[in-house]
Structures are given as C-alpha cells and as structure tokens.
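One structure is given here, and the rest of the page talks about it.
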Amino acid sequence: MAQKERIATVETEELALTPEEILDDYRLALQSRFASIVGRREVLSGKAKFGIFGDGKEIAQIAMAKAWQPGDFRAGYYRDQTLLIALGIHTLQQFFAQLYAHADLDAEPMTAGRAMNAHFATRSLNADGSWKDLMKMYNSSPDLSPTGSQMPRMVGLTYASRLYRELPELAPYKQFSRNGTEIIWGTIGNASCAEGLFWEAANAVGVLGGPLVLSIWDDEYGISVPNEFQIVHGDISAALSGFQRKPGSTRGYDIYRVKGWDYASLIQVYQQAAAVAREKHIPAIVHVVEMTQPQGHSTSGSHERYKSSERLEWEETFDCLAKLRDWILDRRLSTVEELDAMESETRKEVETIRRDAWQAYLAPIRQELEEVSDIIDEMATYSANTDALSAIQRRLRRIQNPNRKNIFQAVRDVLIALRAEENPTKQVLIDWKEKQEALNARRYGSHLYSESEARALNIPEVAPDFSEESPTVSGFEVLNAAFDAMLARDARVIAFGEDLGALGGVNQAFAGLQAKYGALRVSDTGIREATIIGQAIGMALRGLRPIAEMQYLDYVLYALQILSDDLATLHWRTRGGQKAPVIVRTRGHRLEGIWHSGSQLAGIINLVRGMHVLVPRDMTRAAAFYNTLLQSDEPGIVVEVLNGYRLKEQLPDNVGEITLTPGVPEIIRPGADVTLVTYGAMCRICEEATRLLAEVDVDVELIDVQSLLPFDVHGVILDSLKKTNHIVFADEDVPGGATAYMMQQVIEAQKGFYWLDAQPRTLTANAHRPAYGTDGDYFSKPSVESVFETVYNLMHDTNPQRYPLFFRQR
Ligand SMILES: Cc1ncc(C[n+]2csc(CCOP(=O)(O)OP(=O)(O)O)c2C)c(N)n1
C-alpha cells in the first residue's frame, strides 16, 4: 500500500504497545506541552528573549520517535522539541538552558547558547574534532531559522545512505553507516513548503532515491498567512501528487496523509514509511494535517489577531493532547482522576526543572557580579569618588536578572568615573575585564574555523617535484591527474555536479574518471546549485568527502544562501559539535558576457566567513589547494581561473601530494617601488603590466594573495609595503568589492597605513556587469593598460619629475 489516505482508528493491541507505554507517551507529551507553556511565560516575563515551541505537534513526534534507530539523522526545524525529548537526546533542563541562552556546553550541548531556542543539534565530534561513532547515536543535524533551509542538506544526508550501501569501498567506515540502513527524518512546516528550496530538494531526493522520511507539519498557517496563499490549492500533498512513486518503480515518493491528533494512525504510518525507506531506500512524505498551534506562532505575537474564533475553537477540540487523553479514556487505559493527577505532577516537575535550569544559568553570572562588586568595594576604600562607585554598585545590584552585559557596563562606568584617579585597585578591575573579555570571546566566538589538529592552516606545504620526465600539459590535465589521485587514495571522495559525470566537466578536469571510478564516485546532477551544496553538506556531515562543482562562479549565487546560512556557520553554531568539510569547486573571472565572467568575490567572502576561499592563479596551485582541503577538516571554495584550462603547465611528478597552505601570499615578482596585490586571473594581466612598467623605470613587487579567506596570515604584504611604501590592490570585482576587503586587511588590520607614502589605490572592474565581446570585456574590466596606468599614476603622484604623465590621469 503506497498511499494511506485515511487510516481507520485501530485498537491498541494492533499497536503492539502496553497501556503503560501509552501512558508514558501521554506523560511525555504533557511534559513537552508544559515546557512550551512555561517557556512562553519565561519570555513574556523577560527572562528569555524569544521563544518558539512545538506545542500542537507532540503526538506526531512521539509516534515518529518510535520508528527511529540509532544512526538515523534528523534535519528539521524549530517545532521538534518533543521528538528530541522522546529520543532522549534533549532533556527538559537543556530545553530551558537553550531558552535562556546558557552559553555553556555542559548546560546546553546543542549550540552552547549560540542559536536561539529550539535549534537542535547533536554532537558528532569529540572535543578534539574527531568523529564519534554516529551509529551509536540518534543524530540531529543543526537547525537554521531561515525557513526551508533544512531541505538542501536532506539531499546529502539521504544520498549518503545510498552511497554507504552501494559502494563496497565504503564498507570499512562503520562509524558512519550500517549498510545504508540509516533513515533521514526531515521535518518542515506547511508554509515553508512554498520555498524554492523545498521543491528543489524534494525533486532531487525523488531523482536520487534514498531513505528520507519527510514530515510536513501542517497547521494551515505560516505565521498569519493561511495555506491558500502558500500552496497551490492550499494542499501540499495534493500538489506533490506527481512525486508519487509509480507502481513497481523505486523512484519517487510514497506519500501519506495522516491527522496530527490521530495517535494510532501516526504510529502505523511512521512504522510503515520507515520500514520501506530503511529496507528499500524509497523515500516517503508524511503530510500531517489537522495540527494545531495552541500558543500561536511564537512569543512575538498572538494568533487571536488572525485566526477566527471558529478556528481557535476547532484547535482546542482537536488539540492532539486532548484527543489522546480522550482516546486513553475511551479505551479505559486510565481514569480521569489518574490523568488529572499525572497532569498536575508533570506540571510541577517541569516547573522544578525550569527553576534548576534558571539557577544554573544565573549562578556563574552572579558569581562574576560578586567578583566585580568586591573589586568595586575595595576600590572605594581608596577612592575620592565613593558616591559614584556606590551609585554604580546600587544600579548593578538592583538588576533582578543580571546578565554579563550589565556587569560590563558597570565596569565601564567605574573606569570612566575613576579615569583621573590613581587607585591601586584599578588595575585589578582592568585585569578582571580583560580576562572576562577573553573568556567571552571564546564563549561566543570560538570554532568559526576548525580548532583541531587537522585544520587547513596546519597542513604542511608540499612543493611540486619536477623532473626531466615531467610533461608539459594543458591546465585541465593537471587537475585531471590530481582528481584521479584523490579518488584513488580515498574512497570517501565523491565528486558531483552539472555535466561532471559522463562528460567529465565542462573543462574536462574529470574526463575519464567516471569510467574509472563508477557513476557513484563521479556523478552528474540536475541543475540545482543550492541542493548540490546541500548534497555536499549532508554527505560531509556523515563522514564523506564531497567535491561539489558549481559550473561557474556566477552561479554560486544560487547556492550562496545555503553556503552562508548553513555551511559557513555550521561548526561555529554547534560550538565545534559538527563539521562539514565540503570542497566547492568552481571557475570564474574570465569568459565572455554578463553571467560568465563575473568575479563576485566580495559578495562571497563576506557571506561565507567560516569557510576558506581560495583563488589560485593556475591549475597546479588549484590542485595543491584541493589536496590541502582534503587533508583538512574544513570547508572551502576553490575558484579556478576560467581561461587557464588550455594554458600549458608542467605536470608535477607528485601532483597527488602537493599542498599549499591557505593564507600565504606568493611574491610573483620582487620589486622596490610599488606593491601590486592581486589574485586569480588578474595575475597574468598584472605580470604583463609589470614588464611594461619596468621599461618605464617602475619596479613593481607583484603579490598573488592566493587565498582571500584566510588572508595573508603572516603579513607578507605588509613586509612588501614596508619596502615600497606604495600599494595598489587590483581585481575584477566591482569597485569597493574584494579590493576594499584586501585594503582593509593590509591598511587597517596589518596597520599598513604607517608605511604609506601615497594614497593606497584600488583597480577594479566597473560597477556594471561585464559587457559581451572582446571590447565589451576590455572596457568593463581591468586590462594590462589600466593596470599600467594605475600604477604609473601612483608613481607620478609621488615623483612627477621622474614619472611625467604621458596620458590623461584616470
Ligand atoms: C527565509 C525566511 N523567511 C521568513 C521567515 C520568518 N518566518 C519564520 S517562521 C515563518 C512561518 C513558517 O510557517 P510554517 O512553515 O508553516 O511553520 P510553522 O512555524 O507554522 O510550524 C516565517 C514566515 C524565516 N524565518 N525565514
């Protein structure tokens, strides 16, 4: 039976559950409901900032939890507290700790207070960044707030089960799979199904297959907007009917529709969907209708403003807890008195847990407050400003629920009040402040990048070896040899993208590799950039080493949201609890036309902090960066130079081993007069310009930054500037784009302004996109001539006698 339109009420015997187990389920649903109610109260009373809860969704999640097995993965959203509690991977105390933003991993192990409440994630990694045995755990990939953003990674999480089942070379990786029997449990709200990401991901899983069970929690609204404005005909499973699996086919979905208050049917549906998904790798969509939202969308508003009184009344009657209670009573599994007693006990229990969580949250803050208070007391004994100090003390002590910000404000006020006073205890306060600042920098900012031994900056550099036998080949052949070596060396390396499989990529770097390694190791995908990245994220979360290809840099924009919101923040927002070392391969800067020769690097680097962005100038360096990233445990983007595939390079004898450390610029040409900083395709243009500049007596030091994130970690560019005292930053991004970033790094962060004898310059493409054709390109982007003129102008400004202008100054 592929579709269960309506499942008739079944007797408890059919559920294979004892009355005790059913009553435990009811108790758990009550706990979760009371947690929502108490949580909302905590926000409204000012103890927490914001709350979003899973009330109205409890029973479906309890039913789902029964079908889970260790090794399974969740990719869901903020309504799923009951599922996590039912699985035993989230306690009520942790639920409240997260609500209070308790920034301590012991109290709040999911995000250490970094994500807002109801953003769930289990810890896949040990403290040293190494993998745990994911087969021994129930796993939850980390939630995001942007609606639908959990969808792209479902593609990869699900596909990973297929790969682990179908690729014999992955058999040794037992901590990641048990022959691909792991189900991916997706959840999404009805309204979020209007997002493009939902359709792209649902389609991709339909094409690829795999054990996804995707639940749609349908309470008929997206905040205040009803289904009729969200989904065609207002009915998501009807709209998805074309995704339904055809009889006898293994592609497409089994689609179920079940009521969110119908305990028995929910259990049956999840058992059935799970069995088929686990065994046959056939995905399922479970459209859970008639759900409610008793407290409204979140603590930010009240649903009485937009729901009719009939709807509110209906929600009360069809509340899943009320329905389960009636069901239990109908079957005489308990009595009214017993259930009432259970309710009041559970309510008290939740209150006690809440209080413990609050006290645990507050204790270290109070301790810090006491420390500051003691220091201020001591200061007062030596101070002429006792009035000011005691006013600050009083203000601080009056705060009922202090936070660290209040304490820091008081410290600042004290230091200002005593700014002109010699006070022996002042240094004690300054020391305290500095120590706490360092702790808070870690508390809120650690783990943006890997902190493990395997971080990319730790990978030792291996230079290319050349011998007399090293052939000179086209750039794409260097990459081809490098990818061949990676695929041969590591079974976890899986490459995919548009035209990557059969064709070997639009520039042939994977030519012949699908034939050699099979269609699962090197594969084609649909045209779906966001879910190509999602596919990579999901696979990497499960221990694989994906190389995901974006056909052109310009099309990375389709995937930028998911790169930015999910991949780049993932390690940081779990405080090192999860990692997704995805390698994104793309090519850019130089082809023809508006959408094939762009260089939107400022857009990218400023949105993907948490990833490496590498911009090698040739394919040997690109190969070295790929090898580095593969040895590391961090995600990165490598932008190959589009017009470099046919240029000749010598193939290193050790192309499979060469590595290049990110963040280390290379001086391409030493010089004394001016530092010219660039990267990627602009290196060749600048090289030619520097030759011409040398003819007119300008000695340029040309630097290839090679990596934008991280940027020049050892200050190579500053050392050059100290020598030349003149600097130009050049690239093909827009004015104020990545050149402005490089300038900020060198002039501000490296303090290059001390060494400047002239205004620093940037040379960029125009603000408009590159126009088509040779001349369109020439007059839109930097050229040898414009590099020459910019550098020469700078020298003219400094020394007009030596460098007279022979063209109009730009
Ligand atoms: C991309 C994005 N757009 C808008 C929002 C604001 N927002 C948060 S939840 C929500 C409604 C989601 O409704 P639904 O998917 O039905 O889930 P529910 O909250 O009802 O469970 C909206 C519009 C968001 N978080 N992300």
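Read the figures in this text as sums done on the coordinates, not as results from a lab. Keep in mind it's a predicted model, so treat the numbers as computed, not measured. Here the Cβ is made from the backbone with ideal geometry for all residues, glycine too, and neighbour counts use every protein chain on show.
Compare the Cα positions of Ile375, Val350, Ile365 along the charge dipole of the stretch 343-382 (+1 at Cβ of Lys, Arg; -1 at Cβ of Asp, Glu; about the Cα centre) and return the one farthest towards the positive end.
Val350
Hey, what D do you get for the stretch 1-138 in µm²/s if you plug the Kirkwood alpha-carbon radius into Stokes-Einstein at 10 °C and 1.306 mPa s?
96 µm²/s
Which aspartates and glutamates, on any chain, are close to Lys307 with Cα under 17 Å apart, when same-chain ones fewer than 8 places away are left out?
Correct list for Lys307: Asp55, Asp218, Asp219, Glu220, Glu228, Glu290, Glu315, Glu316, Asp319.
So what is the orientation-averaged projected area of the stretch 614-694, using the convex hull of its C-alpha atoms, in nm²?
Across all orientations, the stretch 614-694 yields a mean hull projection of 6.2 nm².
Between Glu434 and His768, what length comes free when the chain is fully extended (0.36 nm per residue of separation minus the Cα-Cα distance, one decimal in nm)?
Roughly 115.6 nm would be gained on extension.
Rounding to the nearest 20 debye, state how big the charge dipole of the chain is about its Cα centre with +1 on each Lys and Arg Cβ and -1 on each Asp and Glu Cβ.
The calculated dipole for the chain is roughly 560 debye.
Looking at the chain, what % of the alpha carbon pairs are farther apart than 37 Å?
Beyond 37 Å sits 52 percent of the P(r) for the chain.
Magnitude of the Cβ-charge dipole of the stretch 371-425, K/R +1 and D/E -1, about the Cα centre, nearest 20 debye?
In total the dipole reaches around 440 debye.
Given all pairs of different Cα atoms, what value in angstroms does the Kirkwood hydrodynamic radius of the stretch 680-755 take?
Evaluated over the stretch 680-755, this radius sits at 13.2 Å.
Which order do the peptides 433-443, 584-594 take when ranked by the mean count of other beta-carbon atoms within 10 Å per residue, highest first?
Sorting 433-443, 584-594 by mean packing, highest first, produces 584-594, 433-443.
Just to be sure I understand the model, the point goes 7 Å from the Cα along the line to the Cβ. What's the resulting Leu312 to Arg808 distance in nm?
Those two pseudo-labels are separated by 7.1 nm.
Can you spot the aspartates and glutamates whose alpha carbon is less than 16 Å from Lys246's alpha carbon? Ignore those fewer than 8 places along the same chain.
In chain and number order, the partners are Asp254.
Sort 233-243, 285-295 by the packing proxy (mean of other Cβ within 10 Å over each peptide's residues), most packed first.
The densest-packed peptide leads the list: 285-295, 233-243.
Length gain on complete extension for the stretch Ser145 to Glu592, per 0.36 nm per residue less the alpha carbon to alpha carbon distance?
Extending this stretch completely gives an extra 157.1 nm.
Test of understanding: extend the Cα→C-beta vector of Glu349 to 7 Å, then name every residue of the stretch 90-117 with backbone N under 20 Å from that spot.
90-98
Restricting to Cα pairs below 8 Å that are 6+ residues apart, what does the relative contact order work out to for the chain? Please round to a whole percent.
Value for the chain: 11 percent.
Taking a cut-off of 22 Å, what percent of all Cα-Cα pairs in the stretch 655-810 are separated by more than that?
38 percent
Hey, if you put +1 on the Cβ of every Lys and Arg and -1 on every Asp and Glu Cβ in the stretch 564-607, which of Ala602, Val584, Ser564 ends up farthest toward the positive end of that dipole?
My answer, from the dipole projection, is Val584.
Could you list, in their original order, any pairs among Lys49/Lys348; Lys426/Lys579; Lys648/Lys781; Lys136/Lys435; Lys49/Lys751; Lys57/Lys174 whose Cα atoms are separated by more than 32 Å?
From the list (Lys49/Lys348; Lys426/Lys579; Lys648/Lys781; Lys136/Lys435; Lys49/Lys751; Lys57/Lys174), the Cα-Cα distance tops 32 Å for Lys426/Lys579; Lys136/Lys435; Lys49/Lys751; Lys57/Lys174.
How large is the charge dipole for the stretch 390-497, taken about the Cα centre, if only the Cβ atoms of Lys, Arg (+1) and Asp, Glu (-1) carry charge, to the nearest 20 debye?
Around 1780 debye, computed over the stretch 390-497.
Work out the FRET efficiency for Arg41 and Ala341 from their Cβ-Cβ distance, taking R0 = 22 Å, and round it to the nearest 0.05.
It comes out at approximately 0.45.
Convert each backbone phi in the stretch 655-672 into a coupling constant with the Karplus relation 6.51 cos²θ - 1.76 cosθ + 1.60 (shift: θ = phi - 60°), then list the ³J(HN,Hα) values in order as whole Hz, x for Gly and Pro.
Ordered by residue, 3J(HN,Hα) equals 4, x, 10, 4, 9, 9, 7, x, x, 10, x, 10, 7, 6, 9, x, x, 10 Hz.
Taking each pair of distinct Cα atoms in the stretch 450-580 once, what is the resulting Kirkwood hydrodynamic radius in Å?
For the stretch 450-580, the Kirkwood estimate is 16.3 Å.
Once both axes come from the Cα atoms, what is the angle between helix 151-166 and the longest principal axis of the chain, in degrees from 0 to 90, rounded to 10?
Helix 151-166 sits at roughly 90 degrees to that axis.
Under a point spin-label approximation (7 Å from Cα along Cα-to-Cβ), what is the Arg395-His714 distance to one decimal in nm?
4.9 nm
In whole angstrom, and with the biggest value first, how far do the Cα coordinates of the stretch 723-810 range along each principal axis?
Sorted from largest, the Cα extents of the stretch 723-810 read 42, 34, 16 Å.
Measuring from centroid to centroid over Cα atoms, what is the spacing of the stretch 573-597 and the stretch 452-485 in Å?
20 Å
What is the angle, in °, between the Cα long axis of helix 475-489 and the longest principal axis of the Cα atoms in the chain? Nearest 10 is fine, range 0 to 90.
In the chain, helix 475-489 runs at an angle near 40 degrees to the longest axis.
Which one, Tyr77, Thr659, Ala624, is farthest towards the positive end of the dipole of the chain when Lys and Arg carry +1 and Asp and Glu -1 on their Cβ?
Tyr77
Give me the number: length gained by fully extending Val696 to Phe408, i.e. 0.36 nm times residue separation minus the C-alpha to C-alpha distance, one decimal in nm.
Taking Val696 through Phe408 to full extension adds about 97.9 nm, to one decimal.
Past the 14 angstrom mark, what percentage of all C-alpha to C-alpha distances in the stretch 273-354 do you count?
Tail fraction, whole percent: 77.
How about Lys433: which lysines have a C-alpha closer than 17 Å to its C-alpha, ignoring those fewer than 8 places off in the same chain?
Of all the lysines, those that pass the test against Lys433 - Cα under 17 Å, at least 8 places apart if same chain - are Lys405.
Which whole-angstrom value gives the distance between the alpha carbon centres of the stretch 348-409 and the stretch 250-266?
When both Cα centres are located, 52 Å separates them.
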